[in-house]
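The values are calculated or read from the model by the stated rules, or taken from the named source; none is laboratory data. Quick caveat: nothing in here was measured; it's all calculated off a predicted structure. Ideal geometry is used to build each Cβ from the backbone, glycine not excepted, and the neighbour counts take in all protein chains shown. Areas reflect the complete protein model, heavy atoms only, side chains present, ligands, DNA and RNA absent. Shrake-Rupley method; radii C 1.70, N 1.55, O 1.52, S 1.80 Å.
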Amino acid sequence: MGGWWLAGAAAGFWAGALVAGLGDCGPGAGGALLLLCLGSASLVSVLALGMRLPRTWLPIVAVCAIVSFSGLGCGWAALRQARARGSPLLALTHRSVEILGALTSDPKAQPIGWSASFDAGVVVWDLAGSRSALRVHDSLWLEGRGPPPGLRSGDRIRVEGLVEPLRGEFGSYLRHRGYTGTFQEDEVTFVGPPGNPLVIVARSVCSTLRRSLRRVFPDREAGLLMGLALGDTSRLDPSIEEDFRATGLSHLTAVSGENLAMFLAPVLMAVGLLRLARTGRLIVGGVSVAFFVLLTGGEPSVLRAAAMASIAMLGAFMGRPRSPPAVMGGAVLGLLAVNPTLVYSIGFQLSVAATAGMALLSGPVAERLGWMPSWLALPAGTTIGAQAGVTPLLLYHFGLVPTVTVLANVLAFPAVAPGMVLGLLAGGAALTWLPMGLLLAAFARIPLRYLEALSHNLARSPLPWITSPGGQWVALILGLGAVAGLAWWLRARERFRVPRRALVVAAFVLPMFVWSSAVRAGPPSGLTVTFFSVGQGDSALVRSPGGATILIDAGPEPEEVARKLAALGIRRLDVVVATHPHLDHFVGFPAVLARFPVGVVFDSGCHTPENDSPPYRAFLRAIRDEGVSERHPVAGDVIAVGDLRLDILSPDRCWQDTNSDPNNDSIVVLLRYREDTVLFANEPEGPAQQAMLDGGRPLTAMVLNVPHHGAGTSILPFFRSVHERVAVVSVGPNRYGHPVPRTLEWLRSTGALVLRTDEVGDIVVRFEGSGLSITADRRASSN
């Protein structure tokens, strides 16, 4: 009873913290709720743990406990949120200030600039010609321009810039995570290392190990090993990272209980050999856990594993070992009591869900895999249990789950521990005797390269993906309920047996669903173009009756277009067109190239400063890593792709000294299927559009992808030459004013039906006979 009581209390506290995030509870109401529920939770706890209650009372006490702890979590989280909303920093928004504080995460590169989390300590600003200072205790989201500075988590820094309030969807997420606002950095100055000596030691160990590993391993294996052992993905090769993500192996580079167990095992073994007393063993174990947390950066999954390990060691010290539900429930409850904003951490959610899935399902599933060898049945059961636990969350947050993940994890399991252990031994040996380190590294490279090859080959597996629209609370609750129901059924003493007739019916019905899915994923009956809604960016998929598939641009988000392609059942892309090197058009390509076989990549080949940006170099590296051929078509080229014809209308040169050379270098494609035509104008501006008009090439098309998101950089004669019946503006929230009213007026003056992805979502245009059928996420019409 005690173990499940703790698990229920943690679940109630979690739910209450989530409820607090839905409203705007003031500090007074939050405090009153906290005190009220604290008393009731204490009373219920005494009843549940200290008294022998009749069995009929247990459900009532359980409900009371969950309700009480829900109120407790709601009140405590409301107080924390009220404190952040009342921060004096918010009175200094849009004002230049100087803040002294410490980084709480390593600065990470973003598509534009860099970002990090930052704890503010002292803020200084000018007021009426004099300097004013104030001590604060607030978390800020730090954003800067250019490449990330050479700083690390824990460094004390001084930053100058502007405090900004939280806005939009990302601002709402930051608010839930306990941030007061964002800080737009103008200048950052290193002040000193962390004040905690244990942090300095942990950092030194990590740096020494990293340097040693790079002495005995190639960069790819050294980066992978740091990810596997310490969760440090700063040097993980992008292609490996993408392959791991596509196969559901990303958790291997997120530190968890397995890593902590491998770290603690030799420590506790040495303690046993020294015959220390129980108190000494507890102290050494606790310090080791704390050191491991500092060594790995204190990610939410590490905190969960460390809390569970600490509770387990404390139980052993007291001679009262706890059950897995008690250990996990106590760990979650304790962590949320310290920081209730963890309920909004995706990493923490996935870590808890995976642990719960393993605890509930791994044993029963392994029992039913008796036809497997015992050494394989348990890891398979563990993998299935963990995957069942996280699948509802993955579908809610990311909208897709690869079905190959169970196979990938089972096949990866035998290589993870040997690769990690041998690799760390090689790094340690190299510190004293380099030849021994090189010898051990040679053995360690075998399992590490096996993991690389496994993820690379399975990333393009023909197995389908499970997809969902994402963000649906009802689906999440139903999914978690289904997992809980499955666990109850598998663990029930008298298991429910499925009637034989039902099995026979399922054997006939299931293939029909598979067949219907295969039909839907097949070629369309007519030319079909899907303009994806990817925010302020561009991406479109072309499918022909002959089975040709072409992707033109991949939007500004790393995973979104790959998810949309998987949801449509795409298995291969014949041609990928990267129109030009602006972030809103190509950031999604590495994920696409990792997950789908691609015949050829088209890009302009024109050299601009944008081609030297880290994201674009990552895109070019992905092309090389996947072994895809690359071509640079120019105006006048005619390319056949199955039953499709591509007329390249631009560029006729690499433009120089224009308002935007990359935009004018953009590849413009007139796509034809028999009499059906679509003009993907992408982003040429006035000079390139005039060059196409002067070149005398036909521009007429039934559907137009409007240039440059409807910006005011087009010319009216270009639109009049197209004679489009439908004009699609791919656009999202932006600060540029796209699409501008003048461009929309020009388009409508030609008689075109104008559709915007920011208003209607994904737009699907089907060519049917002599007409068009247009379907959108939020509207359908015919023209």
Alpha-carbon centroids, the range 686-756 and the range 280-295: separation in whole Å: 64 Å
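Show me the ranking of peptides 283-290, 684-691 by mean Cβ neighbours inside 10 Å, starting with the highest. Walk me through the numbers before you get to the answer.
Working: 283-290: 17.1, 684-691: 21.4.
Ranking the peptides 283-290, 684-691 by packing returns 684-691, 283-290.
Roll a 1.4 Å probe over the protein chains and send me the accessible area per residue for the chain in Å².
Ligands and nucleic acids excluded, the figure is 46 Å² per residue.
Could you calculate the FRET efficiency of L425 with R617 from 1/(1 + (r/R0)^6), where r is the beta carbon distance between them and R0 is 35 Å, rounded to 0.05? Mind showing how you got there, number by number?
Numbers: r = 34 Å, r/R0 = 0.97.
Efficiency at R0 = 35 Å is approximately 0.55.
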Dividing the mean separation of Cα pairs under 8 Å (6+ apart) by the residue count of the range 367-503 yields a relative contact order in percent of 31 percent
So what are the range 627-705's ellipsoid semi-axes, whole angstrom, largest first, if each one is the square root of 5 times an eigenvalue of the alpha-carbon gyration tensor? 21, 16, 10
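Count the net charge of all other residues whose Cβ sits under 12 Å from the Cβ of P218, scoring Lys and Arg as +1 and Asp and Glu as -1.
+2
Take the solvent-accessible surface of the protein heavy atoms, probe 1.4 Å, and return the percent of it on the range 142-230 that carbon and sulfur atoms account for.
Values: 2240 of 4180 Å².
C and S fraction of accessible area: 54 percent.
Roughly what % of DSSP beta bridges within the range 655-783 run antiparallel, to the nearest 5? Walk me through the numbers before you get to the answer.
On the way: 14 of 24 bridges.
For the range 655-783, the DSSP antiparallel bridge percentage is about 60.
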Protection-proxy order for peptides 373-386, 544-557, each taking the mean of Cβ atoms within 10 Å per residue, highest first: 544-557, 373-386
Check: C-alpha center the range 425-490 vs C-alpha center the range 635-650, spacing in Å is 41 Å
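Could you grab the Rg to Rh ratio for the range 308-462? Cα atoms only, Kirkwood for Rh.
On the way: Rg = 19.0 Å, Rh = 18.3 Å.
Computed over Cα atoms, the ratio is 1.04.
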Tell me, Kirkwood radius of the chain from alpha-carbon pair distances, in Å? 29.4 Å
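Can you check what the net charge comes to around A265, using other residues whose Cβ is under 14 Å from the Cβ of A265 (Lys, Arg +1; Asp, Glu -1)? The partial results should precede the final answer.
Numbers: positive: R281; negative: E258.
Surrounding charge for A265 is 0.
What is the range 76-233 by shape, rounded, prolate or oblate, if you read a ≥ b ≥ c off the alpha carbon gyration tensor as root eigenvalues and call it rounded for a/c under 1.5, prolate for a/b larger than b/c, and oblate otherwise?
Details: a/c = 2.07, a/b = 1.82, b/c = 1.14.
Taking the square roots of the gyration eigenvalues as a ≥ b ≥ c, the range 76-233 is prolate.
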Could you sort C206, C654 by their accessible area in this structure, using a 1.4 Å probe and putting the largest first? C654, C206
Between rounded, prolate and oblate, where does the range 517-592 land on the alpha carbon gyration tensor, with a ≥ b ≥ c its root eigenvalues, rounded for a/c under 1.5, else prolate if a/b exceeds b/c? prolate
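Kindly give the semi-axes, whole Å and largest first, of the ellipsoid equivalent to the range 190-252, taking each as the square root of 5 times a Cα gyration tensor eigenvalue.
Details: eigenvalues 135, 41, 19 Å².
Largest first, the range 190-252 gives 26, 14, 10 Å.
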Throw me the Rg/Rh for the range 385-424, computed over C-alpha atoms with Kirkwood Rh, two decimals. 1.13
Loop only by DSSP, 14 or fewer other Cβ within 10 Å of the Cβ. Give me the trypsin sites (Lys or Arg not before Pro) in the range 262-326 that pass, ordered by residue number. R275
Taking the highest mean first, how do the peptides 660-666, 608-614, 209-215, 333-339 order by number of other beta carbon atoms within 10 angstrom per residue? 660-666, 209-215, 333-339, 608-614
Report, for the chain, the % of DSSP beta bridges that are antiparallel, rounded to 5. 75 percent
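On the accessible surface of the range 420-463, probed at 1.4 Å, how many percent belong to carbon and sulfur atoms? Before the final figure, lay out each step's value.
Working: 1720 of 2260 Å².
Of the solvent-accessible surface of the range 420-463, carbon and sulfur hold 76 percent.
Given just the C-alpha atoms of the range 227-338, how large is their convex hull per residue in cubic angstrom? Working shown, then result.
Values: hull volume 13.2 nm³, N = 112.
Taking the convex hull of the Cα positions in the range 227-338, it is 118 Å³ per residue.
From the helices alone, meaning DSSP H stretches of at least four residues, give me the mean residue ellipticity at 222 nm for the chain, per-run term -39500 (n - 2.57), in deg cm²/dmol to the nearest 500. Each step should come with its number before you reach the end.
Working: 26 runs with 392 residues, N = 783.
-16500 deg cm²/dmol, from helical runs alone.
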Quick one: if the Förster radius is 51 Å, what FRET efficiency do E759 and T208 give, using the C-beta to C-beta distance and rounding to 0.05? 0.40
Indicate the gyration tensor shape class of the range 564-691 (rounded, prolate or oblate), computed on the Cα atoms with a ≥ b ≥ c the square roots of the eigenvalues: a/c under 1.5 is rounded; otherwise a/b larger than b/c is prolate and the rest oblate. oblate
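What does the charge count around V343 come to, taking other residues whose C-beta lies under 15 Å from its C-beta (Lys +1, Arg +1, Asp -1, Glu -1)? Walk me through the numbers before you get to the answer.
Working: positive: R80, R175, R177, R304; negative: none.
Its environment carries a net charge of +4.
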Stretched out fully, how many nm does the piece from L151 to L198 gain, at 0.36 nm a residue minus the Cα gap? 15.1 nm
